[in-house]
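Below is one structure, written out as structure tokens; comments come after it.
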Amino acid sequence: MAVRYYKLFDLLNRRGMKKTDLLKIISSKTIAKLSKGEYLSGEIIEKICFFLGCQPGDIMEIVDSLERTKGTGTETELTQELNEYGETETYTRDVIIDEEEYQTHQERVNELRFKIENEQEEEMKKKYMDEYYNLLFPKN
């Protein structure tokens, strides 16, 4: 299981806000945890939701992105995307991934998160976000 806060960063972006605007209610250490996709307390999630006037599902997602199948060398990957009605659909597929490939993938995801959060130019930010979503939710 993993926590993803891309919804929060997207919400901030759509409202013309930056992560630093959250410093009014949470510490810079907590913002760093958000950036790294680390778990936060319910109290922190509540503060963010009250500040933004939203619900937890609007700012975070808990995903089981890769389930390891012991001894087989395969993993089950869950992919979520929105259908034409705006509803989330989940797809699964078995993939063969070695540890080095997985580590490289995670490093690229983290690198893109950093670029998205720190990019000032909207066009480049959109490019990074597109690549980020394609890495998280591949359309194979």
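Quick look at the values:
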{"quantity": "Number of positions in segment 26-43 that are over 16 Å from the mean Cα position of the chain (by Cα), of a type outside the set (Ser, Thr, Tyr) and surrounded by fewer than 17 Cβ atoms within 10 Å (Cβ to Cβ)", "calculated": "3"}
{"quantity": "Members of segment 1-47 found to be in contact (Cβ under 8 Å) with a residue 12 or more places away in the chain, more than 18 Å from ILE116 (Cβ to Cβ) and in a helix (DSSP H, G or I), listed by number", "calculated": "LYS24, THR30, ILE44, ILE45, LYS47"}
{"quantity": "Residue in segment 90-108 that is modelled with pLDDT of 75 or more, among the β-branched types (Val, Ile, Thr) and within 27 Å of ASP21 (Cβ to Cβ) present", "calculated": "no"}
{"quantity": "Restricting segment 101-140 to residues that are touching a residue at least 40 places away in the same chain (Cβ under 8 Å) and not in a helix (DSSP H, G or I), the residue that is farthest from LYS7 (Cα to Cα)", "calculated": "ASN140"}
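The values are calculated or read from the model by the stated rules, or taken from the named source; none is laboratory data. Please read these numbers as outputs of a predicted model, since none were measured by experiment. Note: ideal-geometry Cβ built from the backbone for every residue, glycine included; neighbour counts use all protein chains shown.
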